[in-house]
Amino acid sequence: MTQTFTVFRASLKMLLRDRTALFGAVMFPLFFVLAMSIFDLRFERMSGVPASDNYFDFVLPGLLALGVMNFTLVGIATSVTGLRGMRILRRIQATPLRPARFIAGQIGARLVIALGQLVLMLALGVGLGGAMRGNWLVVLALGAVGNVVFLGFGFAVAGRASTVDGAANLASLVTLPLMFLTGLYFPLEAMPSVLQGAARWLPMTALIDAMRSVMLHGLGLGDLGPELALLFVWAAIGVVAARLSFRFGG
Amino acid sequence: MSTRSLTAPRTVAVDAAVTVDRLVKTYPSPDGGSFDAVAGVSFTVERGEIFGFLGPNGAGKTTTLEIVEGLTEPTSGSTAVLGLDSQRDRIALLERIGVQLQASSYFPHLRLHELLDLFGSFYAVRRDPDDLLDRVGLTGKRNALLASLSGGQAQRFSIVAALVNDPDVVFLDEPTTGLDPHARREVWELIESINRDEGKTIVLTTHSMEEAERLAGRVAIMDEGRIRAIDTPAGLISRLGTSPVIRFTCRPELDDGALRNLPGVTGLDRSSDGVVQLVAPDPNRVVPALFTLASVRTVDLRGLTVLAPTLEDVFCEITGNRLTGSTARSDR
């Protein structure tokens, strides 16, 4: 436990000190929120969205999920691959530290930053007029669960890639479908029904649906049973995949 | 009686710092075949010694070390440190060894004392980061990042980082490669002091003959995945069978007959620029007689040097043969 904590503390320091990476991770999602707020759009057919809401209200919960996913999945995949490239992981492999503790410490540190980022995005979104009818803490809790899913995926990608560029490409292969096949930008109902059926099982869909239910309809965690169940299953898959494919050396 | 003879080999294995038995590591090669990076290596490192692996790049030194450290799986054979098997007892073994890897690095955004603190936390036994930094004269750099250190400082840090768990056996992979002569000397003194003052067994690889001769109590010369010779530096040199040479110039010239008649001279060579070389298995007999001869004939001796054969000669003898062999093979 103490080893997980020392890895967590060291990883958090590293994330906070890598100013350019941190700046990018914080600024890009904020820019997305800002850019989307400019357009005054309204769709005819947006099931489950209150009639008074416009496109920004609809898309903001998705942007929060997107910010979480990009920072965690792409961030962890490239940074862990980079550490391996510099043979830093090889050096850790020569110590008795167990891989699971290294993974847990890294996930914890990224989680802290990602939740801070989520608060900033939510604050900006609400400040720009986005709907927020639920509890902020519920949104954060959802963000945390989503984070664990995507961090697990990120580690799995890092386990497969041998270079940082390779890791970035492989991570995009995972994030792109999650961006466009999940009703993030446009309602799921507007997609062919076959794709809709598949999209229902993706973790990003569950995360976005849950966030929308909280932010547009003011639901609480107790109302989100199916979405949470699916997210927990994906979190378990992600953590197992991380542990199985992760390697210090190579 | 029979019990004692059964337990005796095991006692030896526990007492030894490192045992390597018929180690083989085979990698697939790009042409679809395979090559032996390590081709059947056996040796023992006793506790308290500095053991040097000397060999050209690609000789299999690093692979051997990484298998012993439990970082790479062997194809066959077994390795153990302090009686702990590198594969089976990996975690227990890692608690008791310190490792400095070739060309590895540390987290770029952590300060030196934070790095030592972090790595120390991975072990059951840990030493104080500030004591460690003091040990290598880096106290003033405790809050510095690795990137701001000079090559010598970074290398001293990577060696002291291998001591965070107060290990019994320390593995150093090319600890002085790329350092300037001054920094190299500092690292040598550090390694000697870790061995002498802290009683730690040290296993190091190098391709510097000078380094092996200066540091190592015993040297294994490794080439093409095999150990070609293993002995003390002096033992390796005497095995070569080459005698020391006394070299000088003189005004006026001394005649060959007089020089050959000096006691202990077994050969003579004269180069076109007037340099005389006397082959002398025991230079202590020849040098006084040479001085006497020179003063009797009022000859001025200049630039007198006694050249003892070095580990470099041994190394060239062994790897030189190999080089011609491999050229012949690739010609085919």
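The values are calculated or read from the model by the stated rules, or taken from the named source; none is laboratory data. Because the structure is predicted, anything quoted here is derived from the model rather than measured. Reconstructed Cβ throughout: ideal geometry from the backbone, glycine too, with neighbour counts over all protein chains shown. Surface accessibility is based on the protein's heavy atoms, side chains included, excluding ligands, DNA and RNA. Shrake-Rupley method; radii C 1.70, N 1.55, O 1.52, S 1.80 Å.
The P(r) of the protein assembly as shown has a tail past 35 Å containing 55 percent of all C-alpha pairs. Taking each residue as 0.36 nm, the span from A:Leu22 to A:Ala168 lengthens on full extension beyond its C-alpha to C-alpha distance by 50.9 nm. Whole-Hz Karplus values for the range B:121-135 come out as 5, 7, 10, 6, 9, 9, 9, 5, x, 5, 4, 5, 5, 4, 4 Hz, taken residue by residue from phi with 6.51 cos²θ - 1.76 cosθ + 1.60 and θ = phi - 60°; glycine and proline positions read x. Calculate, for B:Ser272 and B:Val296, the FRET efficiency according to 1/(1 + (r/R0)^6) with r their C-beta to C-beta distance and R0 35 Å; round to the nearest 0.05. With a Förster radius of 35 Å, E is 0.80. Extension gain, B:Asp180 to B:Arg196: 0.36 nm times the residue separation minus the Cα-Cα distance gives 3.3 nm. Shown for the protein assembly as shown: the carbon plus sulfur share of the solvent-accessible area, taken with all protein chains present and a 1.4 angstrom probe, equals 58%.
Residues in the range B:140-147 carry Karplus couplings, in order, of x, 10, 4, 9, 8, 8, 4, 4 Hz; the curve used is 6.51 cos²θ - 1.76 cosθ + 1.60 with θ = phi - 60°, and Gly or Pro positions show x. In summary, the lysines within cross-link reach of A:Lys13, defined as a Cα separation below 29 angstrom excluding same-chain residues under 8 places away, comprise B:Lys141.
Near the amide H of B:Leu268, within less than 5 Å, lie the amide hydrogens of B:Val279, all on another chain or at least 5 residues away, with H placed in the peptide plane. Placing +1 on each Lys and Arg Cβ and -1 on each Asp and Glu Cβ, with no other charges, gives the protein assembly as shown a dipole about its Cα centre of roughly 660 debye. Need one word for chain A: rounded, prolate or oblate. Basis is the Cα gyration tensor (sqrt eigenvalues a ≥ b ≥ c); a/c below 1.5 gives rounded, then a/b vs b/c decides. Note, shape of chain A comes out prolate.
Equivalent-ellipsoid semi-axes for the range A:111-250 (Cα gyration tensor, √(5λ), whole Å, largest first): 27, 18, 15. The amide H of B:Phe35, built 1.01 Å from its N in the peptide plane, has B:Tyr27, B:Ser29 as neighbours under 5 Å, considering only residues 5 or more places off or on other chains. Prolate is the label for chain B, because the ratio a/c of its alpha-carbon gyration tensor axes (a ≥ b ≥ c) is 1.5 or higher and a/b is greater than b/c. Placing pseudo-labels 7 Å out from each Cα toward the beta carbon at B:Arg22 and A:Arg133 gives an inter-label distance of 7.7 nm. The residues packed around B:Leu145, meaning those with a beta-carbon under 14 Å from its beta-carbon, carry a net charge of +4 if Lys and Arg are +1 and Asp and Glu are -1. In percent, rounded to a whole number, the relative contact order of chain A is 30, using alpha-carbon pairs under 8 Å and six or more apart.
With every protein chain left in place, what is the accessible area per residue of the range B:128-195 in square angstrom, probe 1.4 Å?
On the way: 2590 Å² over 68 residues.
Using a 1.4 Å probe on heavy atoms only, each residue of the range B:128-195 averages 38 Å².
Relative to one another, the C-alpha centroids of the range B:138-209 and the range B:250-308 are positioned 44 Å apart. Here r is the Cβ-Cβ distance between A:Phe39 and B:Ala144 and R0 is 60 Å; the resulting FRET efficiency, rounded to 0.05, is 0.75.
With the contact rule set at Cα under 8 Å and sequence spacing of 6 or more, what percent relative contact order holds for chain B? Can you show the working numbers first?
Details: 586 pairs, mean separation 58.2, N = 332.
Relative contact order of chain B: 18 percent.
In summary, the helical segments of chain A meeting the span-like criteria, namely a full DSSP H run, a Cα extent along the axis of 18 angstrom or more and a mean Kyte-Doolittle hydropathy of at least 1.0, are A:19-37, A:55-69, A:99-127, A:136-160, A:164-180, A:225-245. Against the compact-protein benchmark of 2.2 N^0.38 Å, the Cα-based radius of gyration of the range A:57-112 scales to 1.46.
Which length gain, in nm to one decimal place, applies between B:Asp134 and B:Ser34 when the Cα-Cα distance is subtracted from 0.36 nm times their residue separation? List each step's numbers first, then the result.
Numbers: separation 100, 0.36 × 100 = 36.00 nm, distance 4.72 nm.
In short, 31.3 nm is gained.
Over chain A, accessible surface divided per residue gives 43 Å², non-protein components excluded, 1.4 Å probe. By the rule of a C-alpha distance below 18 Å, with chain neighbours fewer than 8 residues away ignored, the lysines paired with B:Lys25 are B:Lys61.
Sort the range B:99-163 into rounded, prolate or oblate with this rule: let a ≥ b ≥ c be the square roots of the eigenvalues of the Cα gyration tensor; rounded if a/c is under 1.5, and if a/c is not under 1.5, prolate when a/b is larger than b/c, oblate otherwise. Display every interim value, and only then the final one.
On the way: a/c = 1.42, a/b = 1.21, b/c = 1.17.
The shape class here is rounded.
On association of chains B and A, roughly 2500 Å² of accessible area becomes buried (total for both chains; probe 1.4 Å). For chain B, the dipole from Cβ point charges (+1 on Lys and Arg, -1 on Asp and Glu) about the Cα centre works out to 400 debye, to the nearest 20. Between the listed residues A:Ser162, A:Thr175, A:Phe28, the Cα displaced farthest toward the positive end of the dipole of the range A:2-245, a dipole computed from Cβ unit charges relative to the Cα centre, is found at A:Ser162. A simple spin-label model places the labels of B:Glu189 and A:Gln196 7.9 nm from each other, with each point 7 Å out along Cα-to-Cβ.
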